[in-house]
Amino acid sequence: MESTKTIKRAEGGRQISAWAAQNDSGHLAPVKISRRPTGPQDVRLNILYCGICHTDLHQIKNQLQESIYPMIPGHEIVGVVTEVGAEVEAFKVGQHVGVGCIVHSCRNCHSCQLGLEQYCPEMVWSYNSIDADGTLTEGGYSTAIVCNQSYVLRIPDNLPLDAAAPLLCAGITVWSPMKHFKMVGKGKHFGLVGLGGLGHMAIKFARAFGMEVTVFSRSSAKEKEAKEVLGAHNFVVSTDEKQMKAAAKTIDYIIDTISANHALDPYLALLKTNGNIVLVGLPKKSLQISAASLIYGRHFVGGSLIGGIEETQEMLDFCGEHNITCMIEKVPITYINTAMARLEKSDVHYRFVIDVANSLKDDANGV
């Protein structure tokens with residue numbers, strides 16, 4: 001919800017340029033903010049690129065009823081290290097790094113002990129969240145960020161930074177469940193429901209794991225690209241009963257990226273015995289599932305949220321080894337409001353990335 005009390009913001013650091021939403025109209029405009037001084041455990045980076053996630057759109061419009069204004073979005077952040085604290089050994093000035101969705105966790109709970117900080121009850125988001133020092137976190141629609149070294153990620157040198165930025169959310173959101181639920185078997189049959197920012201990454205990972213890939217979509221509009229560009233083996237129009245019936249009991253695993261309300265039973269019917277479907281989208285209403293769809297086939301329905309720091313680094317290293325990046329449309333920061341309007345209409349192919357370094361500048365006495 002919109003804040004009704006004074007929110008503490010970082011002070012004492014150098015002033016930088018950013019773009020912020022001031023209210024739930026979602027309109028973004030230039031502002032000046034301060035980042036905290038670089039502490040002993042901190043890494044400071046100049047932001048070169050920042051991806052635009054659909055969550056950013058939800059947050060700037062207060063659609064999740066938890067927005068704090070002014071808000072600076074952005075949690076797909078990549079850049080170059082400009083300063084490290086005295087106790088930092090893993091990073092050095094000039095290194096390509098990233099900051100994803102998480103900037104703090106308790107490090108002691110069961111989830112943190114498993115390296116799954118995304119489920120920590122004290123986890124702090126990269127923006128629109130209250131940090132451990134009581135200040136509001138502010139994201140990557142800005143020229144620089146300071147982050148504790150434990151939540152900074154190494155970007156492989158061979159990956160283009162602009163196309164690597166969305167890996168920090170879109171990539172890890174599908175990587176984490178695919179690894180955890182062992183959707184990695186060579187020769188297995190992988191199904192994707194919903195071909196978008198997350199979905200196109202799931203196809204790339206599934207192909208790299210050596211699986212047969214089938215895309216399920218409401219129309220045939222994306223069939224050519226799914227097959228010829230992304231390498232899917234099969235394409236099924238989910239509204240075509242004949243095609244769905246032909247695909248019944250052929251799929252080992254399904255990742256469902258759809259955030260709109262939809263029925264799950266038709267997709268459960270696609271699974272082989274012991275097959276599972278994992279949700280990474282967030283429909284607004286509760287989903288109804290027939291018990292028979294689960295029982296007659298020993299099917300499993302699960303869910304997954306982004307990923308922890310260790311598995312995000314594992315994903316980035318894998319992407320470096322296999323030259324996997326996101327398909328992006330690079331835009332200047334001045335295009336941000338148009339990009340948001342297009343994103344609301346799903347008019348993006350497949351992820352917007354802000355060219356921060358070439359379109360957002362600090363004053364001469366800034367960074």
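The values are calculated or read from the model by the stated rules, or taken from the named source; none is laboratory data. For clarity, every value in this text was computed on a predicted model and none was experimentally measured. A quick note on method: Cβ atoms are made from the backbone with ideal geometry, for glycine too, and the neighbour counts reach across all protein chains shown. Just so you know, the surface numbers come from the protein's heavy atoms only, side chains and all, with ligands and any DNA or RNA stripped out. Shrake-Rupley method; radii C 1.70, N 1.55, O 1.52, S 1.80 Å.
Assorted remarks:
- For the stretch 10-75, the Cβ-based charge dipole about the Cα centre amounts to some 260 debye (Lys, Arg positive; Asp, Glu negative; other atoms uncharged).
- Counting only residues at least eight positions apart within a chain, or on another chain, the lysines with an alpha carbon under 19 Å from that of residue 245 are 272.
- The simple Förster model, with R0 at 56 Å and r as the Cβ-Cβ distance, assigns residue 288 and residue 227 a FRET efficiency of 0.95.
- Reachable lysines from residue 361, criterion Cα separation under 29 angstrom, eight or more residues apart if same chain: 8, 32, 61, 92, 330
- Candidates 84, 124, 31, ranked by Gaussian network fluctuation over the chain, Cα under 10 Å, top entry: 31
- Residue-normalised accessible area of the chain, given per residue in Å² at a 1.4 Å probe: 44
- Backbone amide hydrogens, once placed in the peptide plane, bring residue 352 within less than 5 Å of 52, 329, excluding anything fewer than 5 places away on its chain.
- Size of charge dipole - the chain - debye, nearest 20, with Cβ of Lys, Arg +1 and Asp, Glu -1, no other charges: 860
- Comparing 286, 238, 25 in a Gaussian network model of the chain (Cα springs below 10 Å), the most mobile by mean-square fluctuation is 286.
- Accessible surface of the chain, 1.4 Å probe, proportion on carbon and sulfur as whole %: 50
- Highest-MSF residue in the chain out of 67, 220, 142 [GNM, Cα springs under 10 Å]: 220
- Karplus-derived 3J(HN,Hα) values for the stretch 249-262, using 6.51 cos²θ - 1.76 cosθ + 1.60 with θ = phi - 60°, are 6, 10, 9, 7, 9, 9, 9, 10, 9, 6, 9, 7, 5, 7 Hz; glycine and proline are entered as x.
- Reachable aspartates and glutamates, given that their alpha-carbon falls under 15 Å from the alpha-carbon of residue 186 and they are not under 8 places away in the same chain: 212, 252
- Amide H to amide H, with H built 1.01 Å from N, residue 235 comes under 5 Å of 215, counting only residues 5 or more places away or on other chains.
- Loop-located trypsin sites (Lys or Arg not before Pro) in the stretch 285-367 whose Cβ has at most 10 other Cβ within 10 Å (DSSP): 285, 345
- Its residues counted as N, the chain yields a C-alpha radius of gyration over 2.2 N^0.38 Å of 1.00.
- Dipole moment magnitude, nearest 20 debye, the stretch 196-354 about Cα centre, only Lys, Arg, Asp, Glu C-beta charged: 520
- Residue among 59, 97, 145 farthest towards the positive dipole end of the chain, charges placed on Cβ: 59
- The GluC sites (Glu not before Pro) found in the stretch 95-179 that occupy coil by DSSP, while having at most 14 further C-beta atoms within 10 Å, are 122.
- Label-point gap, in nm, between residue 347 and residue 23 - each point 7 angstrom along Cα→Cβ: 2.6
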